[in-house]
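The values are calculated or read from the model by the stated rules, or taken from the named source; none is laboratory data. Quick caveat, the model's predicted, so the values are computed rather than measured. Backbone-built Cβ (ideal geometry, glycine too); neighbour counts: all protein chains shown.
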Amino acid sequence: MNDTPGWASPGSAPSDGHEPGASRPAEPPQAADQPAQDTQRPGAQWSEVQPPAGQWSAPAAPQGPGQTPPPPPQGPGWGTPPPAGPGGHGTPGGYGGPGHGTPGYGAAPGYGAPGYGGWGAGWGGPPPVAKPGVIPLRPLGVGEILDGAVSTMRTYWRTVLGISLTVAVVTQVLVVLLQGLALDTASADALSDPSATFGEVTRAMGDSLLNSAVVFLISMIGTVTATALLTTVTSRAVLGRPVTVAEAWRDARSQLPRLFGLIVLLILISAVLVGVGILPGILVAVTASTDAGAALAVLGGLAASVVVLWLMIRFSLASPALMLEKQGIRKSMSRSVKLVRGSWWRVFGIQLLAAIIANIVAAIVVLPFTFIAAAFNGGGISGFVNGDVGWTFLIISGIGSVIGSMITFPISAGVTVLLYIDQRIRREALDLELARAAGLQGYGADAAGSTPRS
């Protein structure tokens, strides 16, 4: 056949263009020791005995007396490359022309030989991804998000340490003072006294809840402030640009009230949903059976907790959206819902993994301080177990809490910001804007076609 030039079967008789039915030249007689060729089955032109794979060589021209034999082929099984032709890869027609070089599988550039773009040694892989800061400008994996948060802490440790330490110290000083001065010891004793009256227990529970609420409010203010400042630091770290504490404060100051309002709104939504879930059980316990009401309240609380978890993950990127896009509360919540849509499980898994890692590391630091504080407590370990704590315990445990907060603040804020950036890269090609902001020239033309989106 002659309809596919360049792919002649080795050992077969090439088609010489005779029409069907035309006379052909007489076949040469076969030697006695050669097997007769079967002309009836396909592939009859192939020799029954083939050389082993990888040992093809260009056929030698008939040698006359006194002629020097041709040099051996360059390497096992490959002939010499053909001269370059108009096809760009050998003789005319490309890819080496008829026969891929000299007859017998001659070597065309490529297929393992240098010089053919896309194959063999000439293939250099995809172009490197730009990385002006702590993350590469492409969709990120889980490890890259965690590594980016840790790299931000390590690279810009002065700013991160300054923010985390300042916020943690101020927060813990207020908490220690509140617990040491305003904590009603009589109320704590009433809760642990089995002979206390119902009124005393109710009053003690009210005081305890009030103190816990104030402590929680102070801690939340500190967390919100640290998150706002560290969001700015992490966003600059993505571009490879350092930022001071003063610059981070100036950039985040205008959005702090909105961020505080966002956190309060999310807490209220969670509380309302949990209250709605346990309300039927409470009503049944009051009006009918206590056991049935308690069981119904537990089931309602579990169902409400699932709904709360689902909503909180959908709103988990609202904080960086509010800080970095300078949006309002409602707009940032809708932006978070849009970015998380279709990736709920991925966002939940990354946030859960980051929280577990941060809390394990913080616990490793905090627990020794807690045991030391209990040992130096006025009542010893037994006094600590019974709730009798003094200033020594509060101060030592507060130091441990400061160190733990210095670890949890940057990891939590960094992972949330990088997860927000990753989702925007996947959905909105934010990497192109980040590259332009980082001053990378020509990044869009190279990365636009090679960056996978989801």
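Taken over the range 216-239, residues that are touching a Leu at 6+ places or on another chain (Cβ under 6 Å) and of a type in the set (A, V, I, L, M, F, W, C) amount to 3. Exactly one residue among Val276, Val307 is farther than 29 Å from Thr408 by Cβ and out of contact with any Ser or Thr (no Cβ under 9 Å at 6 or more places or on another chain), and that residue is Val276. Of note, Val361 satisfies the criterion of being in a helix (DSSP H, G or I) and either more than 25 Å from Thr166 (Cα to Cα) or at pLDDT 85 or above (or both).
List every residue pair whose Cβ atoms lie under 6 Å apart, where the two residues are 6 or more positions apart in sequence or sit on different chains, the first residue falls within the range 324-352 and is over 21 Å from Gly141 (Cβ atoms) and touching a residue at least 40 places away in the same chain (Cβ under 8 Å), and the second residue, located anywhere, is part of a helix (DSSP H, G or I) and of a type in the set (Ser, Thr, Tyr). Close Cβ pairs satisfying both conditions: Leu324/Ser235.
Residue pairs whose Cβ atoms lie under 6 Å apart, separated by 6 or more positions or on different chains, with the first residue in the range 127-139 and free of Cβ contacts under 8 Å to residues at least 40 places away in the same chain and the second in a loop (DSSP other than H, G, I, E, B), are Pro136/Val129.
When you scan the range 371-446 for helices (runs of 4 or more DSSP H) that lie fully inside it, which ones turn up with 2 or more residues that are surrounded by fewer than 22 Cβ atoms within 10 Å (Cβ to Cβ), modelled with pLDDT under 80 and more than 41 Å from the chain's Cα centre (by Cα)?
Answer list for the range 371-446: 380-385.
Residue check: Ala246 meets all listed conditions (1) in contact with a Ser or Thr (Cβ under 8 Å, 6 or more places away or on another chain); (2) of a type in the set (A, V, I, L, M, F, W, C); (3) without any contact (Cβ under 8 Å) to a residue 12 or more places away in the chain but one, namely (1).
Annotation: of all residues in the range 283-306 being β-branched (Val, Ile, Thr) and loosely packed, with under 15 Cβ neighbours inside 10 Å, the one that is nearest to the chain's Cα centre (by Cα) is Val306. In the range 221-267, which residue that is over 25 Å from Arg436 (Cα atoms), surrounded by fewer than 23 Cβ atoms within 10 Å (Cβ to Cβ) and small (Gly, Ala, Ser) is modelled with the lowest pLDDT? This residue is Gly222.
Which residue, of Arg346, Arg330, Arg335, is among the basic types (Lys, Arg), assigned to a helix (DSSP H, G or I) and surrounded by fewer than 15 Cβ atoms within 10 Å (Cβ to Cβ)?
Checking each option against the conditions leaves just Arg330.
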